[in-house]
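Notes to accompany the following structure.
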Amino acid sequence: MKIKFEHSLITVFLLCGCNRQTGDFLSNPRKIHGEAIAADCLIGSPVEIVCSDSYLFFYDRYDGQMITMLDAANGRRLRRFINEGQGPDDALPPLKLSVAEGGKLEVFQIQNGRMREYDAGSLADATTKDPFRERVLEDRPANVRKTADGFVGIGMYEDGRYRLYDETGKAVGAVGRYPFRGKDMSAQEAFFLYQGVLCASPDGTHFALGSAYCDNLEFYRVEKGGATPVRQYETVDVSGHFDRQVILDDDCVMNYKAACGTERYCYMLYSGEKFGERHVRSTGGKTVIVFDWKGNHVRTLETAETVYSFCVDEANGILYAVTRDGEEGFVITRYKL
């Protein structure tokens, strides 16, 4: 089945948003300077980092375990947990991490659609077992975020770009359409070409998605039983095509590579590298663009180091990032905002 962009949705977005170019957000960035911490706690290849209160969690798959917990104040490693496997307490990689209201650590297994919820404070005591609550989400989404009344997921769906779930993981609806103009695409083609980074506010009242291969960026407000578009930015289409895999043209600009949602803001990591520069899909960037949850641009930050994953402790004004050191490999870098 082919899916097609609906003109009615264009009207909605034109009424509540604008087509401002990403380049407008890149002028006059504020440079932030960081210091490396806890270089010795990264023992694998960290992929994703999140923070909850004074704790950092990162997906660092190594020696049969996948999550590391760190005390952000002193850089001390508190525990490693979640064994890789198929036992009752094990999990299957890859994992996606996020933090929901109340500092709950959410761990999503892409392979089987299972979402686990941990109490971050309880995990601080390494002598205790790591109890969790688990739901299985229907239709195996590629990524999920907690919302006020359930979850929102992205995946190869024919009835919308986003799938909405209730608290039990049952699919209850779909919203949104892909931003391509006048093209018929399969759900698989649309998803892979317009894949991106998903984030939500901790209270679950808003979510946003930034596309990886074009400047499409959109914000939604969660409402009872649904979600309403708030603002969309997009000026160019994906420069490439799908033929069993994504094939990018040399002039395709890498856009959003990671995201973090806080109570006040949505932070998007932007690359800006053209595919033809190295003929690889960049996984990081040096620019963090900050928006409020209405989709308004607030400010732009620039780092000296390439950031691969990041999280923000808004209460203490700190951005933590996974960066690389030429000799040490991966390190965690702390930036004062």
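Numbers below:
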| item | result |
| --- | --- |
| Answer from VAL298, VAL230, VAL288, VAL312 - the residue that is in contact with a Phe, Trp or Tyr (Cβ under 7 Å, 6 or more places away or on another chain), open to solvent by 30 Å² or more (accessible area, probe 1.4 Å) and either without any contact (Cβ under 8 Å) to a residue 12 or more places away in the chain or part of a strand (DSSP E or B) (or both) | VAL298 |
| Selection status of PHE330, over 21 Å from ASP53 (Cα atoms), at pLDDT below 95, among the aromatic types (Phe, Trp, Tyr) and open to solvent by less than 60 Å² (accessible area, probe 1.4 Å) | yes |
| Positions within the range 267-285 being touching a Gly at 6+ places or on another chain (Cβ under 8 Å) and either assigned to a strand (DSSP E or B) or among the aliphatic types (A, V, I, L, M) (or both), in sequence order | TYR267, MET268, LEU269, TYR270, GLY285 |
| Given (1) open to solvent by 20 Å² or more (accessible area, probe 1.4 Å); (2) modelled with pLDDT under 95; (3) touching a Phe, Trp or Tyr at 6+ places or on another chain (Cβ under 6 Å), number of the condition ASP89 does not satisfy | (3) |
| Strands (runs of 3 or more DSSP E) completely within the range 35-148 that count 1 or more residues being within 16 Å of the chain's Cα centre (by Cα) and touching a residue at least 40 places away in the same chain (Cβ under 8 Å) | 48-52, 55-62, 95-100, 104-109, 114-119, 143-147 |
| Of all residues making up the range 238-266, the number that are open to solvent by 70 Å² or more (accessible area, probe 1.4 Å), out of contact with any helix residue (DSSP H, G or I) (no Cβ under 8 Å at 6 or more places or on another chain) and over 28 Å from ARG221 (Cβ atoms) | 2 |
| Residue, nearest to the chain's Cα centre (by Cα), within the range 154-183, restricted to residues that are more than 17 Å from PRO229 (Cβ to Cβ) and open to solvent by less than 10 Å² (accessible area, probe 1.4 Å) | GLY155 |
| Candidate set: the range 315-327, residues that are in contact with a Cys (Cβ under 9 Å, 6 or more places away or on another chain) and of a type in the set (A, V, I, L, M, F, W, C); chosen: the one most open to solvent (accessible area, probe 1.4 Å) | ILE318 |
| Candidate set: the range 92-118, residues that are open to solvent by 10 Å² or more (accessible area, probe 1.4 Å) and of a type in the set (Val, Ile, Thr); chosen: the one nearest to THR147 (Cα to Cα) | VAL99 |
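Matching residues to (1) open to solvent by 40 Å² or more (accessible area, probe 1.4 Å); (2) modelled with pLDDT under 90; (3) within 18 Å of CYS260 (Cβ to Cβ):
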{"position": "THR11", "(1), (2), (3)": "yes, yes, no"}
{"position": "LEU15", "(1), (2), (3)": "yes, yes, no"}
{"position": "LEU26", "(1), (2), (3)": "yes, no, no"}
{"position": "LEU42", "(1), (2), (3)": "no, yes, no"}
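The values are calculated or read from the model by the stated rules, or taken from the named source; none is laboratory data. What you see is a predicted model, and the numbers here were worked out from it, not measured in a lab. Positions of Cβ are generated from backbone atoms using ideal geometry, with glycine treated the same way; all protein chains shown enter the neighbour counts. Surface areas here come from the heavy atoms of the whole protein model, side chains and all, with no ligands, DNA or RNA. Shrake-Rupley method; radii C 1.70, N 1.55, O 1.52, S 1.80 Å.
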